[in-house]
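Input: a single structure, listed below in structure tokens.
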Amino acid sequence: MLDPFFGTGTTGAVAKKLHRRWIGIERDERYIEVAQTRIDGIQPAPLDDVFIFKSKRDRARVPFGALLERGLLQPGQELYFHNRDDQAAVVLANGQIRHAQLTGSIHEVSRALQNAPCNGWEHWYYRDLATNERRPIDRLREIVRAETAA
């Protein structure tokens, strides 16, 4: 990497952390000293952390019902498809949802509403009772993942 306006050495620091070669050009002696000190203090990341890319599919699977089991969602609670009021669904006690005459998983109902394949985790929103804001249910899935990883 070449950084002709090196400044405090951000490019060099990141490059060192990622095991990359770099060249920095800076004319101000004060910035050179700051950059050198900064870069000298960087420990490169382990190569496995830099070069192994994990797919979303490698992450632990979380069934929608786990959100009910942990009390993160309640039967009867509304979910909003694409965060829209006119496409709300009700959470059922069996881990499915119902929108009008459609009943099924978050993925099945999403697919029917969108008339195309889609990932229900990314399209349904719940109302956060603490803030009264709508948030994607995928945030709740991350909470379950964090609990099970600990």
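The values are calculated or read from the model by the stated rules, or taken from the named source; none is laboratory data. If you're wondering where the values come from, they're calculated on a predicted model, not measured in any experiment. Positions of Cβ are generated from backbone atoms using ideal geometry, with glycine treated the same way; all protein chains shown enter the neighbour counts.
Looking at the structure I just gave you, is residue 62 among the hydrophobic types (A, V, I, L, M, F, W, C), surrounded by 13 or more Cβ atoms within 10 Å (Cβ to Cβ) and not in a loop (DSSP other than H, G, I, E, B)?
So residue 62 does not fit the description; no.
Restricting segment 43-98 to residues that are at pLDDT 90 or above and among the acidic types (Asp, Glu), which is nearest to residue 20 (Cα to Cα)?
If we take residues in segment 43-98 being at pLDDT 90 or above and among the acidic types (Asp, Glu), then 69 is nearest to residue 20 (Cα to Cα).
Could you grab me the full set of residues in segment 116-150 that are in contact (Cβ under 8 Å) with a residue 24 or more places away in the chain, touching a strand residue (DSSP E or B) at 6+ places or on another chain (Cβ under 9 Å) and of a type in the set (Lys, Arg)?
Passing the criteria: 127, 134.
Which residue is nearest to residue 61 (Cα to Cα), if the candidates are limited to segment 111-150 and must be of a type in the set (Val, Ile, Thr) and loosely packed, with under 13 Cβ neighbours inside 10 Å?
Looking at residues that are of a type in the set (Val, Ile, Thr) and loosely packed, with under 13 Cβ neighbours inside 10 Å, I get 148.
Among the candidates 11, 37, which residue alone is β-branched (Val, Ile, Thr), part of a helix (DSSP H, G or I) and loosely packed, with under 12 Cβ neighbours inside 10 Å?
So the residue among 11, 37 that is β-branched (Val, Ile, Thr), part of a helix (DSSP H, G or I) and loosely packed, with under 12 Cβ neighbours inside 10 Å is 37.
Looking at (1) within 21 Å of the chain's Cα centre (by Cα); (2) surrounded by 13 or more Cβ atoms within 10 Å (Cβ to Cβ), which is the one condition that is false for residue 108?
Result: residue 108 fails condition (1) only.
For segment 70-105, name all the residues that are hydrophobic (A, V, I, L, M, F, W, C) and buried (at least 18 other Cβ atoms within 10 Å of the Cβ).
Listed by number, the residues that qualify are 73, 79, 81, 89, 91, 97.
Among the residues of segment 55-80, which ones are touching a residue at least 24 places away in the same chain (Cβ under 8 Å) and within 19 Å of the chain's Cα centre (by Cα)?
59, 60, 62, 63, 64, 66, 67, 72
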